[in-house]
Amino acid sequence: LSDSNLNDKVLEENKFLELVPLDLQIENIPRKDLTSIPLNDINFKDTFYMIIDKKTELIIKELKDYPEYDFLSQDELNRKTIQIFKDVKLAKKCCQKDQKVIKVPNPKVFKIASSILKGKGVTRIVTEDKLIAL
């Protein structure tokens, strides 16, 4: 076959086909949150550190204040969070002049105080490597 005959044959064989649309129902229920880990699934073993203000109040931020989570939905980004640190040096680095770092020697306190935190509107705990759902 010559080059022009070969090109004509290839064009004939590569015709577009129309596909019939699929006729099926799509489940439209809220999806499971895959970004956060439930608090009950976390085994806290270490001491943690938190940043509080000088009046000993928790520093509560919205999830949208953490750039690493900006891919989440707007509803999720509006959730209130507290941040905990495994390393005191990192906590002090993130601490401002009107704040201080406290040691949390018993991390189970988050499970104990989860209802109080929820009462303040806090539904997530942010760590260096995890997003924890209360």
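The values are calculated or read from the model by the stated rules, or taken from the named source; none is laboratory data. Just so it is clear, the model here is predicted, and its values are computed rather than measured. Every residue, glycine as well, gets a Cβ built from its backbone with ideal geometry; the counts of neighbours run over all protein chains shown. Just so you know, the surface numbers come from the protein's heavy atoms only, side chains and all, with ligands and any DNA or RNA stripped out. Shrake-Rupley method; radii C 1.70, N 1.55, O 1.52, S 1.80 Å.
Before moving on, here are some points about what is shown:
- Number of positions in segment 82-119 that are part of a loop (DSSP other than H, G, I, E, B) and surrounded by 13 or more Cβ atoms within 10 Å (Cβ to Cβ): 4
- Pairs, first closer than 18 Å to F85 by Cβ and part of a loop (DSSP other than H, G, I, E, B) in segment 32-45, second modelled with pLDDT of 75 or more and open to solvent by 100 Å² or more (accessible area, probe 1.4 Å), C-beta under 7 Å, six or more apart: F44/K108
- Residue in segment 45-64 that is within 12 Å of the chain's Cα centre (by Cα), among the β-branched types (V, I, T) and modelled with pLDDT under 85 present: no
- Matching residues, segment 92-120, being closer than 21 Å to N43 by Cβ and aliphatic (A, V, I, L, M): V104, V109, I112, A113, L117
Matching residues to (1) at positive phi; (2) in contact with a Leu (Cβ under 8 Å, 6 or more places away or on another chain); (3) charged (D, E, K, R):
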| residue | (1), (2), (3) |
| --- | --- |
| P67 | no, no, no |
| N78 | no, yes, no |
| I84 | no, no, no |
| N106 | no, no, no |
| F110 | no, yes, no |
| E128 | no, yes, yes |
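- Residues satisfying the criterion are present in segment 72-80 (criterion: under 14 Å from the mean Cα position of the chain (by Cα), touching a residue at least 24 places away in the same chain (Cβ under 8 Å), under 19 Å from D129 (Cβ atoms) and outside any helix (DSSP H, G or I)).
- Every residue from segment 34-68 that is among the hydroxyl-bearing types (S, T, Y), touching a Lys or Arg at 6+ places or on another chain (Cβ under 9 Å) and surrounded by 10 or more Cβ atoms within 10 Å (Cβ to Cβ): S36, T47, Y49
- Checklist (1) open to solvent by 80 Å² or more (accessible area, probe 1.4 Å); (2) more than 11 Å from I51 (Cβ to Cβ); (3) assigned to a helix (DSSP H, G or I) applied to E128, failing item: (3)
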